[in-house]
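**Student:** Okay, here's the structure, questions in a sec.
The values are calculated or read from the model by the stated rules, or taken from the named source; none is laboratory data. Remember, predicted model here, so these are calculated numbers, not experimental data. In this analysis, Cβ positions are derived from the backbone assuming ideal geometry, glycine residues included, and neighbour counts consider all displayed protein chains. SASA here: full protein model, heavy atoms, side chains in, ligands and nucleic acids out. Shrake-Rupley method; radii C 1.70, N 1.55, O 1.52, S 1.80 Å.
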Amino acid sequence: MATKRTTTKTPKNPTPDPVEPAPCQPCGGTGNVAITVRVGRKRRPVGQQDGLCLNCLGEGTAPAA
């Protein structure tokens, strides 16, 4: 025959909500930055294109310090 429990269980502490990582500063959380396209011998700028953010490597979140 099983013995009867006389003590009560203590409630476990609730776990805190996970913290959202901060967005990357240079790209604003998109993972892309504007890169100037240069052409010719004088290397004159003709436009811009999207490039990978080198700070977060395209992830969009601020890297851990």
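**Student:** Return only the number of the condition from (1) open to solvent by 100 Å² or more (accessible area, probe 1.4 Å); (2) touching an Asp or Glu at 6+ places or on another chain (Cβ under 9 Å) that PRO11 does not satisfy.
**Tutor:** (2)
**Student:** Would you please name the residue that is nearest to the chain's Cα centre (by Cα), looking only at residues in region 14-25 that are loosely packed, with under 11 Cβ neighbours inside 10 Å and of a type outside the set (Val, Ile, Thr)?
**Tutor:** ALA22
**Student:** Turning to a different aspect of this structure: In this structure, does CYS56 turn out to be surrounded by 12 or more Cβ atoms within 10 Å (Cβ to Cβ) and touching a Pro at 6+ places or on another chain (Cβ under 8 Å)?
**Tutor:** yes
**Student:** How many residues are outside any loop (DSSP other than H, G, I, E, B), under 18 Å from CYS56 (Cα atoms) and touching a Pro at 6+ places or on another chain (Cβ under 7 Å) when one looks only at region 19-42?
**Tutor:** Of the residues in that region, 1 qualify.
**Student:** Output the residues belonging to region 43-65 that are over 11 Å from the mean Cα position of the chain (by Cα) and not in a strand (DSSP E or B).
**Tutor:** ARG43, CYS53, LEU54, ALA65
**Student:** Applying the selection to region 28-45, what residues are open to solvent by 80 Å² or more (accessible area, probe 1.4 Å) and among the β-branched types (Val, Ile, Thr)?
**Tutor:** THR30
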